[in-house]
Amino acid sequence: MWPHLATWADHGYIASNLADQDQRPHRKTPLSGEEQHAWTERAQAAQRRGELELTESWHAADGQPITLAYLVEDDDSTVVALRGDPDAPGWQVIGHHVHDYVAGQALPAAVPPGVLHADISRFNRPAPAPEVSLQELIRDVIEAQTAGDASNALLTATQRGYNAGPMIRLQTLVETTSQFASALETVQGRQIAARLASLGRQIDFLTREVHGAAENLGATVAVLPPHRTPVLRARPHAAPGTTLPAAPPQRTTPAARHP
């Protein structure tokens with residue numbers, strides 16, 4: 001039963017939206033001719049000044065992107081609707097409105113946005129893999145007394161596979177977001193995708209360097225010198241009739257974690 005429910009949850013909104021589109025009145029382009037040309041030039045001038053603030057976007061039934069923006073002129077702003085990619089040549093203003101709600105009523109209705117991976121459902125997520133937090137690994141190094149203990153923390157951070165460490169997960173996050181930005185099919189999206197892809201490669205290089213340094217650190221088999229003694233801490237005096245909390249359990253040194 002659950003797979004069928006998940007399938008309906010993933011696709012039901014599409015059927016609902018199509019039915020809603022059928023019931024909406026046909027909407028015509030609010031502007032045409034010279035007025036549309038004049039508003040487009042004003043919006044393009046504002047964009048060059050950095051005074052065209054994009055606020056919302058969607059795709060119409062014909063596949064064209066519609067974007068709402070605030071056009072700022074002389075400390076006054078107007079809601080304008082753009083058709084096309086605002087960062088590519090050829091976009092046009094198709095309407096100007098008092099506020100966003102009026103624009104939404106006058107403009108072509110939105111169709112449901114797409115998904116990055118067609119075979120993945122947000123309603124049927126697999127159980128997350130176990131992971132060690134960076135805070136825990138930092139604490140492991142702070143409490144370490146041998147090079148092997150500190151090395152283990154870095155090896156865990158750079159571990160690959162099912163129990164991937166934080167650095168590997170960061171690389172995956174950046175690379176997946178690069179795929180998302182590219183899938184937007186916009187000029188800005190492609191530029192950002194290229195930046196993120198480059199950062200993903202840098203993180204991969206950094207991860208390999210950290211992993212190598214961790215192995216070298218462990219191979220030293222060194223320990224901290226004995227003159228690095230812990231600071232003496234005076235135990236607080238308990239008030240009459242109270243009991244001090246028990247000391248936390250002593251942590252054992254984990255075995256070396258290799259990929």
Length added when fully stretched, His99-Arg160, from 0.36 nm per residue minus Cα-Cα: 16.9 nm
In order through the range 138-144: 3J(HN,Hα) via Karplus (6.51 cos²θ - 1.76 cosθ + 1.60), integer Hz, x for Gly, Pro: 4, 5, 4, 5, 4, 8, 5
Compactness relative to 2.2 N^0.38 Å, alpha carbon Rg of the range 134-219: 1.33
Ranked by how many other beta carbons lie within 10 Å on average, peptides 91-97, 123-129, 139-145, 214-220 from highest: 91-97, 214-220, 139-145, 123-129
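Could you give the length gained by full extension between Val223 and Gln188, i.e. 0.36 nm per residue of separation minus their alpha carbon distance, to one decimal place?
Contour length minus the Cα-Cα distance gives 7.5 nm.
Between rounded, prolate and oblate, where does the range 184-236 land on the alpha carbon gyration tensor, with a ≥ b ≥ c its root eigenvalues, rounded for a/c under 1.5, else prolate if a/b exceeds b/c? Mind dumping the intermediate values first?
Working: a/c = 7.89, a/b = 2.28, b/c = 3.46.
Judged from the Cα gyration tensor, the range 184-236 comes out oblate (a/c at least 1.5, b/c at or above a/b).
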Built amide H within the under 5 Å cut-off of Gly95, gap 5+: Ala81
Debye intensity ratio in log₁₀ form over the Cα atoms of the range 70-172, taken at each q of 0.15, 0.19, 0.25 Å⁻¹: -0.77, -1.00, -1.30
Two-site label geometry, Gln179 and Glu56: point separation in nm, points 7 Å out along Cα→Cβ: 3.0 nm
Spacing of the two label points (7 Å from each Cα toward its C-beta) at Asp87 and Asp119, in nm: 3.0 nm
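Each value in this text was obtained by applying a stated rule to the coordinates, not by laboratory testing. All values reported here derive from a predicted model rather than from experimental measurement. No Cβ is skipped: glycine too gets one built from the backbone with ideal geometry, and neighbour counts run over all protein chains shown.
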